Amino acid sequence: MRVLFVASEVYPLVKTGGLADVVGALPLALAELGVDVRVLVPGYPKVLAGLQTRGREVDLHGLVGGGPAKLMYGRVGRLELLVLDAPHLYNRPGNPYVDEHGRDFGDNHLRFGALCDAAVWLAGPEGGQRWRPDLIHGHDWQAGLVPAYVAMMPPQQRVATVTTIHNLAYQGVFRSEAMGALRLPASMFDIHGVEFHGHLGFLKAGLWYSDKITTVSPTYASQIQTETYGHGLHGLLRRRDADLYGILNGIDTAVWDPATDAHLPAPYSVDDLAGKRHGKRALQLELGLHPDPDAPLFVVVSRLVTMKGLDLLLSAGRSILERGGQLAVLGSGEERLVEGFQQAARLNPGRVAYRGGYDEPLAHRMQAGGDAIIIPSRTEPCGLTQLYGLRYGTVPVVRRTGGLADSVVDTTPESLSAGQATGVLFNDIDASALAWALGRTIALYHNRPVWQQIVRNGMQQDFSWRRSAARYLDLYRRALSR
């Protein structure tokens, strides 16, 4: 089976969030099941510079977005890539979606429309002479036009399509005037098509035209069919319930392994946690925190946005300090949240630390050196940081939503006795509810035998991609059978 992934980012070349981790790891797990997977990504400068090997190049003429463009074959590690090299679309400063001032690029509809157009070219008679996918698996709104373009192909040329929703809040909505530049027929601008409240919806297109739809956890698949979490697409998702699957993300257990992680000052495992204690002290020194082995160290590795519930932590964080704990935050995002954590660090030297931006090695050291990781999300499709925390023996404190609810087992007398407790959960989107959960976590931390049991329970969970990849393979077969 030949499968083409289409995505706007891929680890380790370009990453703004968990999407890149999934796109970098799932193809490798599928390859172990015999699937021939290639990943199509835009030719950002970081991608072109990071390719370890380059193969043939093919000129593409008449691509959406205009300008010179070519398709470059290459590799990074074991990952086979197809890179759309179109400098007029991708060779610019900023991250994949916004400029250096944080503003959306005004031509994002063309930048990612071109990516979708290139994907469908590969499935057509000309591109297929080299390598033709049986199925195209698009990720998030940036790949949303792929199923629409496939629907425009002659029936005998069409390939199967799957669209994965990593976060329904981001939908790629543009003015209706973009239809012409994207070469979409006027007939598609309909509620039964790409139209979304008078605008063109990239993700709406993917959800309407795809053979199958997935999202990244079972609970989130249910939640997005409700008005509260559906962001205006809940009706369509309810209509397509029979084709909607929630498959929990996995993690790359080779990249995230405390026994072999080169970013850590000392390795450790579930059978020998000495290296974790060493990592805690090293992290405290690195971040300017008091090197106190008995102080419970809470960490946050996240985008600092309201959706992640981190405004709740600004209010509830005092409960950590009042009980002798410490807090370390890594991330960037909304200005008021960044300023809030910066101020907390200034007012509480040695007890609160803040680092801006995203630092992959530091993220690994925080996962290893922390005692608990806080994820108080309002909504969380899957979440990966709690899975990394479990893998590294850093107990997740999470709100009961989406993939957080599917991957963390609350600590109760019953779950402890059954050997299933792996974290602390709370329900309400409320600072007092988070403060209660933090207080409960600290009480558990000081009960050392119980805490060690929770830590070891988490480290023994299997969140590798193997299980999830098998479910995707089954889904691909279903899509192809249609």
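Numerical summary
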quantity: Yes/no for residue 347 being buried (at least 20 other Cβ atoms within 10 Å of the Cβ) and outside the structural domain of residue 15 (by TED's automatic domain parsing); calculated: no
quantity: Tally of residues being in a loop (DSSP other than H, G, I, E, B), touching a residue at least 40 places away in the same chain (Cβ under 8 Å) and either farther than 17 Å from residue 460 by Cβ or within 28 Å of the chain's Cα centre (by Cα) (or both) across the range 264-281; calculated: 4
quantity: Qualifying positions in the range 87-113 - in contact with a Gly (Cβ under 9 Å, 6 or more places away or on another chain), free of Cβ contacts under 8 Å to residues at least 60 places away in the same chain and not charged (D, E, K, R); calculated: 87, 88, 89, 90, 91, 94, 101, 102, 105
quantity: Qualifying residue in the range 215-227 (condition: hydroxyl-bearing (Ser, Thr, Tyr), assigned to a loop (DSSP other than H, G, I, E, B), under 30 Å from residue 165 (Cβ atoms) and touching a strand residue (DSSP E or B) at 6+ places or on another chain (Cβ under 9 Å)); calculated: yes
quantity: Selected residue (criterion: farthest from residue 13 (Cα to Cα)) from residues of the range 347-373 that are part of a helix (DSSP H, G or I) and aliphatic (A, V, I, L, M); calculated: 347
quantity: Pairs with Cβ under 6 Å, 6+ apart, first in the range 316-333 and within 25 Å of residue 360 (Cβ to Cβ), second among the hydroxyl-bearing types (Ser, Thr, Tyr); calculated: 329/354; 331/302
quantity: Pairs with Cβ under 6 Å, 6+ apart, first in the range 455-477 and in the same structural domain as residue 34 (by TED's automatic domain parsing), second of a type in the set (D, E, K, R); calculated: 475/212
quantity: Residue in the range 407-420 that is in contact (Cβ under 8 Å) with a residue 60 or more places away in the chain and among the aliphatic types (A, V, I, L, M) present; calculated: no
quantity: Every residue from the range 100-138 that is part of a helix (DSSP H, G or I) and surrounded by fewer than 17 Cβ atoms within 10 Å (Cβ to Cβ); calculated: 128, 129
quantity: Selection count where residues are within 13 Å of residue 424 (Cβ to Cβ), basic (Lys, Arg) and in contact with a Lys or Arg (Cβ under 8 Å, 6 or more places away or on another chain), scope the range 361-403; calculated: 1
quantity: Answer residue from the range 282-298, given it is acidic (Asp, Glu) and in a loop (DSSP other than H, G, I, E, B) and is surrounded by the most Cβ atoms within 10 Å (Cβ to Cβ) among those; calculated: 292
quantity: Qualifying residue in the range 194-211 (condition: crowded, with 24+ Cβ neighbours inside 10 Å, of a type in the set (Ser, Thr, Tyr) and in contact with a helix residue (DSSP H, G or I) (Cβ under 9 Å, 6 or more places away or on another chain)); calculated: yes
quantity: Among residues of the range 30-69, those that are part of a helix (DSSP H, G or I) and surrounded by 22 or more Cβ atoms within 10 Å (Cβ to Cβ), counted; calculated: 2
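For (1) surrounded by fewer than 23 Cβ atoms within 10 Å (Cβ to Cβ); (2) in contact with an Asp or Glu (Cβ under 9 Å, 6 or more places away or on another chain); (3) under 22 Å from residue 268 (Cα atoms), each residue gets a yes or a no:
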| site | (1), (2), (3) |
| --- | --- |
| 399 | no, yes, no |
| 404 | no, yes, no |
| 414 | yes, no, no |
| 461 | yes, no, yes |
| 464 | yes, yes, yes |
| 471 | yes, no, no |
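The values are calculated or read from the model by the stated rules, or taken from the named source; none is laboratory data. Keep in mind that what you see is a predicted model, and the values were worked out from it rather than measured. Cβ atoms come from the backbone with ideal geometry, glycine included; neighbour counts cover every protein chain shown.
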